[in-house]
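The values are calculated or read from the model by the stated rules, or taken from the named source; none is laboratory data. Since the model is a prediction, treat every value here as computed from it, not as a measurement. Every residue, glycine as well, gets a Cβ built from its backbone with ideal geometry; the counts of neighbours run over all protein chains shown.
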Amino acid sequence: MARKSLSEKITENTSGAESFIDEYLGGVLSAVFQLSKKDIADCIILLANLKERNGRLFLLGVGGSAANCSHAVNDFRKIAGIESYAPTDNVAELTARTNDDGWETIFINWLKGSNLNSKDAIMVLSVGGGNLEKNVSINIVEALKYAKQVKASVIGIVSRDGGYTKQVADVCIMIPVIKDEFITAYAESFQVVIWHLLVFSPALRAIKPY
């Protein structure tokens with residue numbers, strides 16, 4: 001019996017691939033319509049007030065969310081005109097603090113070194129928002145405790161049950177859980193969608209459209 005070519009194998013699997021694509025993109029559409037427009041609007045207002053008082057925005061995230069923080073810093077600075085930073089952008093300091101003080105301290109000590117204060121705001125991009133009891137993203141939890149201590153504003157863009165971020169945030173945008181298999185994929189994808197919505201909103205946008 002002749003071996004099947006790659007193109008023949010791909011053709012045979014097309015129907016299965018299309019079924020998965022329908023499921024995945026259908027979930028994306030469902031999540032879009034479940035987002036809270038009020039929470040997004042409240043976030044825009046909070047950021048507009050931050051910008052008006054010349055406060056700084058610090059973005060915290062780990063894993064894929066850390067990469068999103070780096071991109072978001074660029075957009076908040078360049079498009080929205082808000083002074084913004086992400087501690088994960090400095091790999092030398094990040095790894096030094098991890099090595100010397102422990103992973104759980106990397107954000108809180110960085111924020112202390114940056115003189116975080118009541119004029120500033122923290123934005124957490126996270127899948128689960130941190131959980132002290134389950135020992136998940138404790139670095140985010142410790143940073144949020146400090147942010148509340150100095151009375152900085154707290155914004156969350158998170159999924160699952162929102163974790164510690166949702167408990168303490170002034171505004172928390174929840175990314176709906178459509179299917180457990182897609183929680184991380186949707187959470188990190190919608191972080192991108194939402195922060196772009198924020199920076200391009202008329203209340204925040206500082207540059208003219210191209």
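Give me the residue from the range 75-86 that is in contact (Cβ under 8 Å) with a residue 40 or more places away in the chain and among the aliphatic types (A, V, I, L, M) and, out of that set, surrounded by the fewest Cβ atoms within 10 Å (Cβ to Cβ). It comes out as I79. Looking across K134, K208, K151, one residue alone is among the basic types (K, R), modelled with pLDDT of 95 or more, farther than 21 Å from I40 by Cβ and surrounded by fewer than 19 Cβ atoms within 10 Å (Cβ to Cβ). It is K151.
A count restricted to the range 192-210 and to residues that are closer than 17 Å to I82 by Cβ and either in contact (Cβ under 8 Å) with a residue 24 or more places away in the chain or in a helix (DSSP H, G or I) (or both) stands at 13.
Which residue is surrounded by the most Cβ atoms within 10 Å (Cβ to Cβ), if the candidates are limited to the range 156-175 and must be of a type in the set (A, V, I, L, M, F, W, C) and in contact with a helix residue (DSSP H, G or I) (Cβ under 6 Å, 6 or more places away or on another chain)? Of everything passing the filter in the range 156-175, I157 is surrounded by the most Cβ atoms within 10 Å (Cβ to Cβ). Report yes if some residue within the range 108-120 is among the acidic types (D, E) and either in contact with a strand residue (DSSP E or B) (Cβ under 8 Å, 6 or more places away or on another chain) or touching a residue at least 60 places away in the same chain (Cβ under 8 Å) (or both); otherwise report no. Among the residues of the range 108-120, at least one is among the acidic types (D, E) and either in contact with a strand residue (DSSP E or B) (Cβ under 8 Å, 6 or more places away or on another chain) or touching a residue at least 60 places away in the same chain (Cβ under 8 Å) (or both), which makes the answer yes.
Residues of the range 87-113 that are loosely packed, with under 13 Cβ neighbours inside 10 Å and of a type in the set (A, V, I, L, M, F, W, C): V91, A92, A96.
None of N131, N99, N135 is over 28 Å from I183 (Cβ atoms) and out of contact with any Leu (no Cβ under 8 Å at 6 or more places or on another chain) except N99. Take the conditions surrounded by 16 or more Cβ atoms within 10 Å (Cβ to Cβ), assigned to a helix (DSSP H, G or I) and over 16 Å from the mean Cα position of the chain (by Cα) and apply them to I44. Does it pass? For I44, the condition - surrounded by 16 or more Cβ atoms within 10 Å (Cβ to Cβ), assigned to a helix (DSSP H, G or I) and over 16 Å from the mean Cα position of the chain (by Cα) - is not met. Using the structure shown, decide if I178 is touching a Lys or Arg at 6+ places or on another chain (Cβ under 7 Å), surrounded by fewer than 22 Cβ atoms within 10 Å (Cβ to Cβ) and more than 14 Å from I44 (Cα to Cα). Taking the combined requirement at face value, the residue does not satisfy it.
Within the range 160-176, the set of residues being touching a strand residue (DSSP E or B) at 6+ places or on another chain (Cβ under 6 Å), farther than 17 Å from K134 by Cβ and either in a helix (DSSP H, G or I) or touching a residue at least 60 places away in the same chain (Cβ under 8 Å) (or both) comprises D170, V171, C172, I173.
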